[in-house]
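The structure appears below as structure tokens.
The values are calculated or read from the model by the stated rules, or taken from the named source; none is laboratory data. Fair warning: this is a prediction, and the values are worked out from it, not measured in the lab. Methodologically, a virtual Cβ is constructed for each residue, glycine included, from the backbone with ideal geometry; neighbour enumeration extends over all protein chains shown. What goes into the accessible areas is simple: the full protein's heavy atoms, side chains included, and nothing from ligands, DNA or RNA. Shrake-Rupley method; radii C 1.70, N 1.55, O 1.52, S 1.80 Å.
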Amino acid sequence: AKEQGRNTYRFYTSTLTIAANERLELDARLRRALTNEEFVLHYQPQFDNLTGMLIGCEALVRWHSPEDGLIAPDRFIPLAEETGLIVQLGDWVLQTACAQHKLWLDNGLPDIMIAVNLSARQLQQQDFAKRVAAILDATGLPAERLTLELTESMIMLPGEQAIELLRELKALGLKLSIDDFGTGYSSLAYLKRLPIDELKIDQGFVRDIPQDRNDMEIAATIIAMARNLNLKVIAEGVETKQQMEFLTLQGCHGCQGYLLGHPLTPEAFIERLLHAPDR
Ligand code: C2E
Ligand code: CA
Ligand code: CA
Ligand code: CA
């Protein structure tokens, strides 16, 4: 039994070592990717449910790895969050999205909103609002064109911390949106006190509409609640006409999803912008 115990122990040490090595290697590759400018942003359009107009887009990061091709964010964002690289990567994303949108505006393209995802680590930086201000300044993008997407867990901070942080960001003139709404545990009372502009219904509640009655109830409740709180509400992951129709009927302001448009390269997105408001 003693022998077996030792083997087991050795087995676990070696798998841990392998995992750690792999993580170290991926971390090194990500750092190199940032220097070599291997990250790209794709832009997914958002539409107004009533008018059908293109009203905004969400910037979604991808890694264009020379060895492995296009890599989805789920495969590198979690590690970047753990190691802290997300702070630099997040700065790059914000900078690139703002610069891109400014370029579109300068070229006379319709002035829509641009949404950028944030990580908890970025918000934890004392000077985060200053960094955002500096990026807006450097790129020349009007702050009111920018939406920052946060999740419920990121702003479940004790005391007045969240309110202060969000107020500081709001003071720049930008919009704040709560991403993946409904998956966290923030209370209505809490939400009401925060200076936010928009809720994004998590795609988990949209996916099984109209088969899942509970999801329909939840989506309808979020929409009604958002409207009562004077917040904009956007549904994500909209893939079918029925979902779109149901959400619109409930009073959902905007939709984003494969039904209306996949995340697109900047070039493909310009084409889409030029043809707005046609779907
Ligand atoms: P998210 O913010 O919830 O983004 C929505 C995800 O749903 C995107 O996946 C998008 O491509 C996908 N999606 C859009 N429409 C549909 C649809 O109709 N059906 C389905 N099944 N999926 C749809 P993506 O681009 O792979 O991003 C995954 C996650 O990675 C994002 O989830 C976000 O949490 C994170 N992420 C992406 N870019 C960034 C970034 O720049 N910074 C940070 N911190 N996180 C990012
Ligand atoms: Ca998002
Ligand atoms: Ca989301
Ligand atoms: Ca998500």
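Observations on the model:
- Accessible area of the chain divided out per residue, in Å², using a probe of 1.4 angstrom: 52
- Rounded to the nearest 10 square angstrom, Phe39 shows an accessible area of 10 square angstrom against a 1.4 Å probe.
- Size of the chain from its Cα atoms: along the principal axes, largest to smallest, the extents are 70, 45, 40 Å.
- Only Lys, Arg, Asp and Glu carry charge here, each on its Cβ (+1 for the first two, -1 for the last two); on that basis the chain has a dipole of about 460 debye about its Cα centre.
- Measuring spread by the Cα atoms of the range 59-172 yields a radius of gyration and Dmax of 15.0, 47 Å.
- Rounded percent of accessible protein surface that carbon and sulfur make up, the chain, 1.4 Å probe: 52
- Percent of Cα pairs exceeding the 12 Å cut-off, where the set is the range 173-224: 67
- Cα-Cα pairs of the range 105-224 separated by more than 26 Å (percent): 29
- With 5 Å bins from 0: P(r) over the range 194-243, alpha-carbon pairs, percent: 5, 23, 30, 23, 13, 5, 2
- Rounded to the nearest 20 debye, the dipole size of the range 150-279 about its Cα centre is 400 debye, using +1 on the Cβ of Lys and Arg and -1 on the Cβ of Asp and Glu.
- For the range 168-258, the average shadow cast by the Cα convex hull is 5.9 nm², which is a quarter of the hull's surface.
- Global dimensions of the range 61-127 from alpha-carbon coordinates: Rg and Dmax equal 14.1, 40 Å.
- DSSP beta bridges in the chain [antiparallel fraction, %, rounded to 5]: 40
- Protection proxy ranking of 65-73, 168-176, 91-99 - average other beta-carbon atoms within 10 Å, highest first: 91-99, 168-176, 65-73
- Kirkwood hydrodynamic radius (C-alpha pairs) into Stokes-Einstein, the range 208-279, 25 °C and 0.890 mPa s, D in µm²/s: 184
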